[in-house]
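The values are calculated or read from the model by the stated rules, or taken from the named source; none is laboratory data. Because the structure is a prediction, the values reported are computed rather than measured. In this analysis, Cβ positions are derived from the backbone assuming ideal geometry, glycine residues included, and neighbour counts consider all displayed protein chains.
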Amino acid sequence: MSAAVLSERRPITVALIGNPNTGKTTLFNRLTGMRQRVGNYPGVTVMRKTGHTEISGRDVTVIDLPGAYSLAATSPDERIAIECLQGWRENLPDLVVCLVDATHLRRSLFLARQLADLGRPLIVALNFTDELRSRGLAIDVERLSQRLGAPVVPIAAREGEGIERLREAMAAAVGSPAALEPLQWPESIDASVELLRGELSRRGGESVEDAMLRRMLFEDDYSLLGRLGVKHAECAPLLDHVRRPIRVAGMHPLAAEALVHYRFIDSVLEEVVSRTHGAGLSRTERIDRVLTHRTTGLLIFVGIMLLVFQSIYTFATPVMDGIENTAGALREWVRPLLAGTPMFQSLVCDGVISGVGGVIVFLPQIFLLFFFIALMEDTGYLARTAFLMDRLFGWCGLNGKSFVPLLSSYACAVPGVLATRTIEDPKARLLTVLIAPLMSCSARLPVYVLMIGAFVQPVYGPTVAALALFIMHIVGLVIALPAAWFFNRKVLKIRSQAFLLELPPYRMPHPKDVLWRMWEGGSAFLTRAGTVILALSVIIWALLYFPRSPKVAADTRHEFVTETAAAQKTTPAAIESRLAAGDAALNGGLAHDVAGAYIEQSVLGRAGKAIQPIFAPAGFDWKITIGVLASFPAREVIVSTLGIIYRLGDDAQDDSLRDALRKATWHDGPYAGKPVFTLATALSVMIFFAFCMQCASTLTVIAREVGQRWAVFAFVYLTSLAWIAAVLTYQIVSRIQ
Amino acid sequence: MNAGFTLRTLCDLQPGDSAVVERIDHEASIGQRLLAMGLMPGCRLRLLSRAPFGDPIRVELPGCVVCLRKGDAMNVTVQSECQLPS
């Protein structure tokens, strides 16, 4: 077969697998460089990375499997590894590379042993060999390879040592795929395997390899049996029957595999590992005595978090301002160039440049956040933050690892959602994603500033205003944790995993890996969210732009001229002539009026008027309703939209918008003549914006990270929550006042 | 049971205590995971410390340090030497 494989020259598939914290991502990056693709496994939300490389002239696809301690599945996500190794999800791998941590050899070899049982060509890559000496350990690599029956290649992935040797070993293994010698199992287990084979063939199923039969025996997960057509209800009695020989031999069937493998591993370790000098209290434990301490650990943690977010704001702000100014300058530079085609001009300036600029502006924050997350993860500190914070989040189904993503969401939910990749438990990860948009992100600030500045500060003074701003920032978190608890109990049908987290030794991160993570986070955001945002910006622009009948402009002009003439006690003709003469103030006023009239007449404007009754209980008039609709792609748009609708400038700091809001009155209905904006309306608008899912970038990222179904769910629940909370706020506050 | 030894669960240990694993509940998902990491009857472990709010706990297993919740730790029965004054 080997000759056929070689002559075929078809691409080779290599599966890369290993325990968490064994440097798998680093090795993957060293092997494949920039040629990677990130995706999700269909049906489950597990990150799947594939990369390409070339080994002795042949194209090699490397599949990066999720980090795991065992092939046994305690969740559907963990089922991925075995399904992939059996070729059910991708091409059957030609070669399996098992990454093993030389400093945690005993634990790492368990997975290697499970892989060896599958009988597929296997290479063991022994990582962190550079750390062995300082720990007073030595490993006899040759003897280890003999005992395991598979090539063992010592590497130091971070430093890039041994990668070439690994490539050579991979080429050799693919060129002459030597099947591994079958593992020796106790008679009782072989007897159970035979019983199971008999039962399955009696049911007329296809024949199955011994290794897969053993997987079925050793686990209480019925999906493998289900694959062979055994009905779910029959699985338990069937397994109970065929496991009898194991039980008679005095072993618990679920523990049998570990007992057998670890007995072998312990005998191997005795031969292979030698201690060169005694180990005292390890460096990691000395650091942990401080960093995970009840008081000092917590204080240092709070300090580090403050530092991280302070620097995200401090360092990102100038770059973000720069991006905004560049986008603004570009828009103003393009605008006159396209003056001949007003529609195209508006599409490019107001749709494309503003829309895409609004996305790119988050990039500096995302780069910085991923920089810090990479630092925390690669040093090993991230696991300690999960240890410190677990109690705070555990009661509602989250775990300690939810803390950093939620905190990140205060800057922007997009990097926050991306940061949930560090949570292995799929249930805790999904819950964290669902509540992350409730954290008050920086895009809500302009709304709060406008409303508080217009309605709270003038009446209640700066202290109450500051308090209101603070409350707006924590109200989301206060709602989020009970919401998570509720989803955990009532909505999610995912089995919770036990929270077992390894606290890896502290290590110095490699700059290359940190930069890589920044790039990965940033480019994922730009390419995916960027394209969708661009499309959505264009759609919203079109809904606000069309229909555009010239009659609207003519009518508005007529109205404007008559009203201005009446106000200035002059004739319409005089106003007309001043307009024609290019009076800047008059022309500016007219342009604002026309823009406002067009929005009112647009598809979205009419929709806003049509659905205003839905928002009436929250105190919104049709103008606010249009603003709310227009800001679903990006919430900060409300300020500029209100500015255009109220026929004013589009700047939150502009006093005139605040004045206009204060002066606005209801035209008709029960409140005709009364002011639209009271304290109740202002609070209700702010509460609506605090809860509502008005961010296309976040929705896109949620869909990409945990699936479209959950993105829809998040949108529906957050929008309903926002509406209910806004109505309650308006009704209660307007009655108290 | 030998005199001088008591059976307790892992979450009853005090920081600094070491103990020998007596039994792990294999039906619990934590049991499966601990087993995969090589913790089985006869292995020695040590409770290193508790988190600031008392839960989870930091435990040294043979060859690695893990943290786990007290609720999960109850599935591990240990035999520890009595803390008798010597």
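Does the range A:99-110 hold any residues that are at the interface with chain B (Cβ under 8 Å from one of its Cβ atoms) and within 18 Å of A:Arg263 (Cβ to Cβ), and which are they? Matches in the range A:99-110: A:Leu105, A:Arg106, A:Arg107, A:Phe110. Residues in the range A:241-274 that are loosely packed, with under 12 Cβ neighbours inside 10 Å, in contact with a helix residue (DSSP H, G or I) (Cβ under 9 Å, 6 or more places away or on another chain) and not small (Gly, Ala, Ser): A:Val248 only.
Of all residues being touching a Phe, Trp or Tyr at 6+ places or on another chain (Cβ under 7 Å) and more than 22 Å from A:Leu721 (Cβ to Cβ) in the range A:624-662, which is modelled with the lowest pLDDT? Just the residue, please. Looking at residues that are touching a Phe, Trp or Tyr at 6+ places or on another chain (Cβ under 7 Å) and more than 22 Å from A:Leu721 (Cβ to Cβ), I get A:Leu657.
Residue by residue, here is whether (1) in a loop (DSSP other than H, G, I, E, B); (2) within 17 Å of A:Pro20 (Cα to Cα); (3) free of Cβ contacts under 8 Å to residues at least 24 places away in the same chain; (4) within 9 Å of chain A (Cβ to nearest Cβ) holds:
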position	(1), (2), (3), (4)
B:Ile30	no, yes, no, yes
B:Leu34	no, yes, no, yes
B:Gly42	yes, no, yes, no
B:Arg46	no, no, no, no
B:Asp55	yes, no, yes, yes
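Just one of (1) under 10 Å from the mean Cα position of the chain (by Cα); (2) at pLDDT below 90 fails for B:Val21. It is (2).
Consider the range A:187-218 and keep the residues that are part of a helix (DSSP H, G or I) and basic (Lys, Arg). The one that is farthest from A:Asp117 (Cα to Cα) is A:Arg202.
Of the residues making up the range A:374-407, just one is aromatic (Phe, Trp, Tyr) and not in a helix (DSSP H, G or I), namely A:Trp395. Residues in the range A:591-615 that are farther than 17 Å from A:Ser549 by Cβ and touching a Leu at 6+ places or on another chain (Cβ under 7 Å): A:His592, A:Ala607, A:Gly608. Note on the range B:75-86: residues that are hydrophobic (A, V, I, L, M, F, W, C) and modelled with pLDDT under 90 total 2.
Could you list, in sequence order, the residues of the range A:358-406 that are under 15 Å from the mean Cα position of the chain (by Cα), more than 18 Å from A:Asn21 (Cα to Cα) and β-branched (Val, Ile, Thr)? Of everything in the range A:358-406, those that are under 15 Å from the mean Cα position of the chain (by Cα), more than 18 Å from A:Asn21 (Cα to Cα) and β-branched (Val, Ile, Thr) turn out to be A:Ile366, A:Val404. For the range A:498-523, the set of residues classified as of a type in the set (A, V, I, L, M) and closer than 17 Å to A:Leu369 by Cβ consists of A:Val514, A:Leu515, A:Met518, listed by residue number. In the range A:65-79, the residue that is nearest to the other protein chains (Cβ to nearest Cβ) out of those that are under 16 Å from A:Asp221 (Cβ atoms) and in contact with a Pro (Cβ under 7 Å, 6 or more places away or on another chain) is A:Ser75.
For a quick check of your reading: which helices (runs of 4 or more DSSP H) sit entirely within the range A:506-593 and have at least 2 residues that are over 30 Å from A:Val352 (Cα atoms)?
A:511-524, A:550-567, A:572-580
Identify all residues within the range A:131-148 that are modelled with pLDDT of 90 or more, surrounded by fewer than 19 Cβ atoms within 10 Å (Cβ to Cβ) and outside any strand (DSSP E or B); write none if there are none. Hits for the range A:131-148 are A:Asp140, A:Val141, A:Glu142, A:Arg143, A:Ser145, A:Gln146, A:Arg147. Checked against the criterion of being more than 14 Å from chain B (Cβ to nearest Cβ) and either under 19 Å from A:Gln497 (Cα atoms) or of a type in the set (Phe, Trp, Tyr) (or both), the candidates A:Val404, A:Val414, A:Val433 yield just one match: A:Val433.
Of all residues in the range A:71-119, which are of a type in the set (Ser, Thr, Tyr), farther than 21 Å from A:Leu180 by Cβ and either in a helix (DSSP H, G or I) or in contact with an Asp or Glu (Cβ under 7 Å, 6 or more places away or on another chain) (or both)? Outline the logic, then answer.
Filtering the range A:71-119 down to residues of a type in the set (Ser, Thr, Tyr) leaves A:74-75, A:103, A:108.
From what is left, the residues that are farther than 21 Å from A:Leu180 by Cβ are A:74-75, A:103.
Passing the criteria: only A:Thr103.
Considering (1) within 14 Å of another protein chain (Cβ to nearest Cβ); (2) in contact with a strand residue (DSSP E or B) (Cβ under 7 Å, 6 or more places away or on another chain), the lone condition that A:Arg421 does not fulfil carries the number (1).
The set of residues from the range B:57-74 being in a loop (DSSP other than H, G, I, E, B) and modelled with pLDDT under 90 comprises B:Pro62, B:Gly63.
Going through the range A:80-91 one residue at a time, which ones are of a type outside the set (Phe, Trp, Tyr) and either more than 14 Å from every other protein chain (Cβ to nearest Cβ) or surrounded by fewer than 19 Cβ atoms within 10 Å (Cβ to Cβ) (or both)? Once the filter is applied, which keeps residues that are of a type outside the set (Phe, Trp, Tyr) and either more than 14 Å from every other protein chain (Cβ to nearest Cβ) or surrounded by fewer than 19 Cβ atoms within 10 Å (Cβ to Cβ) (or both), the range A:80-91 yields A:Ile80, A:Glu83, A:Cys84, A:Leu85, A:Gln86, A:Gly87, A:Arg89, A:Glu90, A:Asn91.
Right, A:Phe615: modelled with pLDDT of 85 or more and aromatic (Phe, Trp, Tyr) or not? When the stated conditions are applied, A:Phe615 passes them. Could you say whether any residue in the range A:422-435 is assigned to a helix (DSSP H, G or I), β-branched (Val, Ile, Thr), touching a Ser or Thr at 6+ places or on another chain (Cβ under 7 Å) and crowded, with 22+ Cβ neighbours inside 10 Å? Yes, because at least one residue in the range A:422-435 is assigned to a helix (DSSP H, G or I), β-branched (Val, Ile, Thr), touching a Ser or Thr at 6+ places or on another chain (Cβ under 7 Å) and crowded, with 22+ Cβ neighbours inside 10 Å. Of everything in the range A:252-285 that is within 10 Å of chain B (Cβ to nearest Cβ) and outside any helix (DSSP H, G or I), the residue that is modelled with the lowest pLDDT is A:Ser282.
Please verify whether the range A:131-150 includes one or more residues that are within 21 Å of A:Leu180 (Cβ to Cβ), under 32 Å from the mean Cα position of the chain (by Cα) and more than 14 Å from chain B (Cβ to nearest Cβ). No, there is no match, as no residue in the range A:131-150 is within 21 Å of A:Leu180 (Cβ to Cβ), under 32 Å from the mean Cα position of the chain (by Cα) and more than 14 Å from chain B (Cβ to nearest Cβ).
Working carefully through the options A:Thr292, A:Thr276, A:Thr296, find the one that is hydroxyl-bearing (Ser, Thr, Tyr) and more than 40 Å from the chain's Cα centre (by Cα).
Numbers: A:Thr292 fails: more than 40 Å from the chain's Cα centre (by Cα); A:Thr296 fails: more than 40 Å from the chain's Cα centre (by Cα).
Answer to the check: A:Thr276.
Entry remark, the range A:1-45: residues being modelled with pLDDT under 65, among the hydrophobic types (A, V, I, L, M, F, W, C) and under 23 Å from the mean Cα position of the chain (by Cα) number 1 in total. Can you confirm whether the range A:92-104 contains a residue that is of a type in the set (A, V, I, L, M), crowded, with 16+ Cβ neighbours inside 10 Å, in contact with a Ser or Thr (Cβ under 7 Å, 6 or more places away or on another chain) and over 17 Å from A:Ala15 (Cα atoms)? Looking through the range A:92-104, at least one residue is of a type in the set (A, V, I, L, M), crowded, with 16+ Cβ neighbours inside 10 Å, in contact with a Ser or Thr (Cβ under 7 Å, 6 or more places away or on another chain) and over 17 Å from A:Ala15 (Cα atoms).
One residue is enough: does the range A:365-373 have a residue meeting the conditions within 14 Å of chain B (Cβ to nearest Cβ), in a helix (DSSP H, G or I) and modelled with pLDDT of 85 or more? Scanning the range A:365-373 turns up no residue that is within 14 Å of chain B (Cβ to nearest Cβ), in a helix (DSSP H, G or I) and modelled with pLDDT of 85 or more.
Residues in the range A:51-83 that are over 18 Å from A:Val14 (Cα atoms) and of a type in the set (S, T, N, Q): 3 in all.
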